[in-house]
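J.: Take a look at this one; I'll ask things after.
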Amino acid sequence: MSSKIKRNVLKSMIIGVLAYMGALGVPQPAQAEYADIVINNYADAAGMRPAVFPHWFHRIRFRCKVCHTDLGFAFKAGGNKITMAKIIDGKFCGACHNGEISWSVENCAMCHSGIPGQPTHFHGSTVQRLIAPAYKPLQTKDTTK
Amino acid sequence: MNKKTKAISFSSAVLMAAFLWNAQSHAAEMGDNQAPLMVADISAANTFNLNLKKPKSRNLPPAEDGIHDPENEATHSLQHPLDAYKGLPPSDNGNYVDWVKAIDEGKLRPRWDRFDPNAEPFVMDLDIVRPVKASVPDVVFPHRQHTEWLYCSNCHPAIFVPQRLANQISMSAILLGQKCGVCHGKVSFPVETKTCRKCHSKPKPADWEPPLSEATLKNPWK
């Protein structure tokens, strides 16, 4: 009996160690800064890492109006269909990343720094944190929309 | 993780494994001479906090944040958010920076024009109160804080018709990323328990009672 218990204890310990190591090895979900955007409409397909746009970094330097009014960025991740051709024409990121307001476009890897294979997404959005889709109220007679 | 919590989680892992193992071999023993007890497979289904997701750390440097590729050398040249936030007023949500206070206190002066560092924003101080049918405080939409950052055309008319109470807004629309949720929950402060009162900021009158639902009013058994 006692040898059986010993064996059991040994087995349990081995499993415990394995379970503990397993828990450490589980890939952790992304913990990027709130409002970071990964833009990957085309980059992967062209063999570049996805572009990462940090809102926090830019809003320290510019108000939202600069990009979302003056430069015409629509409020939609991936919705502006940014390409390098537009950037070197001085549109979108190219309005600043031109060697005058900010470092210039040959610093490919500063922007193309995302882990390959990630879809275009907005990091940390409330929608992503919802466990189930938000509650939709019953349809009322209101047809203003 | 410090040494102590490591030790605790280690020993609890061992204990849990021991428990599962014993329960299993016990069930096997019983199976030899009588009908096996049904041992429900509860180990995975009934964990405490099944759906609670808690970020363990915040404001990580780009190389460790899970979206930047650490194998890209330039990733290591990117700024650590905490270096940028030094001296800015803290908050308990989003970037953990109170961006409104940062501007109000003059700690931050982001450009309003990308070329002209002296251009001033066109600030309009107009509060719009939106009464809420539910028991939560009424919503006050402040134009001032918004026009510090945004221009009128960022909201009018695409997101909101510029007329008091002309827009139908609800929490579910906001949580789906419409109306206030176009920005809140994405770039400006998120929608979570800690932030409800930032929007729901006008207390209800003391004698306010939530309206009774029709089902209650018509309830024949009341």
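The values are calculated or read from the model by the stated rules, or taken from the named source; none is laboratory data. The shown structure was predicted, so the numbers you read here are calculated from the model rather than taken from an experiment. For neighbour counting, all protein chains shown are included, and Cβ atoms are generated from backbone atoms with ideal geometry for every residue, glycine included. Quick note on the areas: whole protein, heavy atoms, side chains included, nothing else; ligands and nucleic acids left out. Shrake-Rupley method; radii C 1.70, N 1.55, O 1.52, S 1.80 Å.
J.: Would you please state which residues of segment A:39-74 a label at A:THR83 would reach in this model, taking the label point 7 Å out along Cα→Cβ and a backbone N cut-off of under 17 Å?
T.: Residues A:40-48, A:51 qualify, since their backbone N sits under 17 Å from the label point.
J.: Sticking with this structure for a sec: Would you check the accessible area of B:SER135, probe 1.4 Å, heavy atoms only, in square angstrom rounded to 10?
T.: 80
J.: Another question, if that's okay. Enter the accessible area of B:GLU192 (Å², nearest 10), with the probe set to 1.4 Å and all protein chains included.
T.: Around 50 Å² of this residue is reachable by solvent.
J.: Still on this structure, please answer the following. Shielding of B:147-153 by partners, i.e. mean partner chain Cβ atoms within 10 Å per residue?
T.: Mean shielding by partner chains, rounded to a whole number: 4.
J.: At a probe of 1.4 Å, how much accessible area disappears from chains B and A on forming the pair, both sides counted, to the nearest 100 Å²?
T.: Approximately 5800 Å², summed over both chains.
J.: Shifting gears a bit: Using R₀ = 25 Å, calculate the FRET efficiency as 1/(1 + (r/R₀)^6) where r is the Cβ-Cβ separation of A:ALA46 and A:PHE75; round to 0.05.
T.: Here the calculated transfer efficiency is 0.45.
J.: Continuing with this model, one more query. Could you report segment B:127-202's accessible area per residue, 1.4 Å probe, as an integer in Å²?
T.: Accessible area per residue, segment B:127-202: 54 Å².
J.: Let me ask something additional. Which cross-chain or sequence-distant (5 or more) residues have an amide H under 5 Å from the amide H of B:ILE128, H modelled 1.01 Å from N in plane?
T.: Distant-sequence amide H within range of B:ILE128: B:PHE141, B:HIS143.
J.: Report, as an integer, the average count of C-beta atoms from other chains found within 10 Å of each Cβ along B:201-209.
T.: Mean inter-chain Cβ contacts per residue within 10 Å come to 0.
J.: Rounded to the nearest percent, how much of the accessible area of segment B:83-183 (1.4 Å probe, protein heavy atoms only) is carbon and sulfur?
T.: 57
J.: Can you give me the Rg/Rh ratio for segment B:127-202, using Cα atoms for both radii and the Kirkwood formula for Rh?
T.: Looking at segment B:127-202, the ratio lands at 0.92.
J.: May I ask which of B:LYS107/B:LYS204; B:LYS53/B:LYS107; A:LYS65/A:LYS86; B:LYS107/B:LYS194 have a Cα-Cα span longer than 30 Å here?
T.: From the list (B:LYS107/B:LYS204; B:LYS53/B:LYS107; A:LYS65/A:LYS86; B:LYS107/B:LYS194), the Cα-Cα distance tops 30 Å for B:LYS107/B:LYS204; B:LYS53/B:LYS107.
J.: Any idea how far apart B:GLU64 and B:VAL161 come out in nm if each label point goes 7 Å out from Cα toward Cβ?
T.: Once both label points are built, they end up 5.1 nm from each other.
J.: Let me ask something additional. Using a 1.4 Å probe on the protein heavy atoms only, what accessible surface does B:ARG111 show? Give it in Å² to the nearest 10.
T.: The value for B:ARG111 is about 80 Å².
J.: Percent of accessible area on segment A:28-126 owned by carbon and sulfur, 1.4 Å probe?
T.: 62
J.: Let me ask something else about it. Does any residue of segment A:107-134 lose at least 30 Å² of accessible area with all protein chains in place compared with its chain alone, and if so which ones (probe 1.4 Å)?
T.: Flagged in segment A:107-134: A:ALA109, A:MET110, A:SER113, A:ILE115, A:PHE122, A:THR126, A:VAL127, A:ARG129, A:ILE131, A:ALA134.
J.: Starting from the 7 Å offset along Cα-to-Cβ, what nm value, one decimal, do you get for the label separation of B:THR47 and A:ALA109?
T.: The two pseudo-label positions are separated by 3.7 nm.
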